Amino acid sequence: MHHITLIHQTDFNGWRQAARTLVLDGVKPTDVTWNIEGDEDQLFATMKTASQPRSSAETFNVPAKFVELASIAILHRDPERFAILYRLLWRLRSHHDLLEVATDPDISCISAMAKAVRRDEHKMHAFVRFREIGREREARYVAWFEPEHHIVELAAPFFARRFAAMPWSILTPDLCAHWDGVALSLSPGVHKAGAPASDRLEETWRRYYAAIFNPARLKVKAMSAEMPRKYWRNLPEASMIKPLIAGAARATDAMIAGAATEPHKMQKRLEEPMRGKTTSVAKELERLREEAASCCACPLWKDATQTVFGEGPPDATVMLVGEQPGDKEDLAGKPFVGPAGQMLDRALAEAGIERGKVYITGAVKHFKFVPRGKIRLHQKPSTSEIKACRPWYERELATIKPALVVAMGATAAQSVLGKITPINKNRGHLIDLDDETKALVTVHPSYLLRLPDPDARAREYERFVSDLKMAAAVLQKSAHAA
Ligand code: URA
């Protein structure tokens, strides 16, 4: 029996060297045990991997995809991961296409581990909240987070890029990451008592959360899936969740009590099969949203806080497509909640469209920006980023099957129509997408915000509203048909 001792939980190099030596020595996976030396405090001890690496002449190649998968899966907390990875490596030597066999138990197990690690990394990006310690020049920002897996080193560069100008520390029970404005460093994990519980910025988070909360679109189950309760205790805005949900429930109860009228028998008969369909579409959308949360199809996920997926009723007849989330949307995880969203809300209302009746999404689902001091400057997505994100739009479209897709702005038009489409030449009339779906091209609401001349802005706003009225007509027609 061979006993391999790695020096810490994320000792990928140690595992790699030992695994290579073992394979070359012909040691079967059943003849190896894998352990971590001592506890995680040993992270800063010297390396003591049991097997010594061989000379480079005695090496062998594995697909780069395996190395990438293994380097992520090894961050999973399951103690079996080292052994499963070694078994995979052993089998890969005689079965070169093994990585393509998704049904293989080892492949599916390691892929699920890598996915869980990526999901945890995304949750960390979204749910770390810094508290301010000290003021002005002396200020430092400290956050407490409890990751499910060993992801601190993986996630830390994101915070260094995002909060490059401020010195911060993220404390966790496993490992702590620190940024001094120049370099990242690590130290052993600490107890929660070492982290500040609140600060003067807390109220700002709460006000922001209350401002973007829309009771009409409250889905407690979906919200709990996106923001699991275990993260609540570290989120300043979490104290708002219960009262806001309770308030929404009261408003809904009042509506039910006040306006309940029995639908016509015929309408009831028509609605029954529709309800079943709506539920399955809603489930499919939730599944897509979850899958998209760990999308890495283009590099934008690295600096964005989270995927901002579409939102709206599963049986929507109109789908609005924007460009990409902005700063506010990136933080809130919801489309069109910032200044462009306010402009859109105003124009929708003026066109006679209830926002809650349309499905709203973006052609690109991660925020693209460049940091400028404390602000994040929006950047237009490239064609390759639009293409990488298009499968999500296609799957939203195939699931919802709206009668009309409104492409707002050039990026949306390029994604919806599959080619670069000038707005002015193509706006104002319906374009066939297929037998059942039309497209309408119009400007993006942020274009209106950027127009410096008030007269031009008013004129363009009217044109935007009149485009949206075409969507309102489609909505009305579908309401009559129902
Ligand atoms: N612009 C978009 O295209 N989408 C948003 O969600 C916000 C701004």
inquiry  = Restricting to segment 317-350, name every residue that is within 9 Å of the ligand (Cβ to nearest atom) and either part of a loop (DSSP other than H, G, I, E, B) or among the basic types (Lys, Arg) (or both).
reply    = Glu323, Gln324, Pro325, Gly326, Lys328, Lys334, Pro335, Phe336, Val337, Gly338
key: Criterion: within 18 Å of His8 (Cα to Cα) and at pLDDT 55 or above - qualifying residue of Glu58, Glu37, Glu68   = Glu37
key: Qualifying positions in segment 398-425 - within 24 Å of the chain's Cα centre (by Cα), in a helix (DSSP H, G or I) and surrounded by fewer than 22 Cβ atoms within 10 Å (Cβ to Cβ)   = Ala398, Thr399, Ala410, Gln414
query = List pairs: first in segment 383-411 and over 22 Å from Lys469 (Cβ atoms) and in the same structural domain as His429 (by TED's automatic domain parsing), second in a helix (DSSP H, G or I) and more than 16 Å from the ligand (Cβ to nearest atom), Cβ under 6 Å, 6+ apart or cross-chain?
reply = Arg395/Leu288; Thr399/Val281; Thr399/Glu284; Thr399/Leu285
request  = Please work out if Arg395 is within 16 Å of the ligand (Cβ to nearest atom), under 27 Å from Arg287 (Cα atoms) and surrounded by 15 or more Cβ atoms within 10 Å (Cβ to Cβ).
outcome  = no
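Every residue, every condition in (1) at pLDDT below 90; (2) farther than 29 Å from Lys374 by Cβ; (3) in the same structural domain as Phe367 (by TED's automatic domain parsing), yes or no:
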| position | (1), (2), (3) |
| --- | --- |
| Thr278 | yes, yes, yes |
| Leu285 | no, yes, yes |
| Pro299 | no, no, yes |
| Phe309 | no, no, yes |
| Pro313 | no, yes, yes |
| Ala316 | no, yes, yes |
| Gly326 | no, no, yes |
| Asp330 | no, no, yes |
query = Scanning for something more than 25 Å from Ser294 (Cβ to Cβ), touching a Leu at 6+ places or on another chain (Cβ under 9 Å) and of a type outside the set (S, T, N, Q), does segment 366-380 turn up at least one residue?
reply = no
task = Looking at (1) touching a residue at least 60 places away in the same chain (Cβ under 8 Å); (2) closer than 22 Å to Ala340 by Cα, find the lone condition where Asp455 falls short.
result = (1)
ask   = Of all residues in segment 302-316, how many are within 16 Å of the ligand (Cβ to nearest atom) and either more than 24 Å from Pro402 (Cβ to Cβ) or surrounded by fewer than 18 Cβ atoms within 10 Å (Cβ to Cβ) (or both)?
value = 3
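The values are calculated or read from the model by the stated rules, or taken from the named source; none is laboratory data. No experiment lies behind these values; they were computed from the predicted model shown. All Cβ positions, glycine included, derive from the backbone under ideal geometry; neighbour counts span all protein chains shown.
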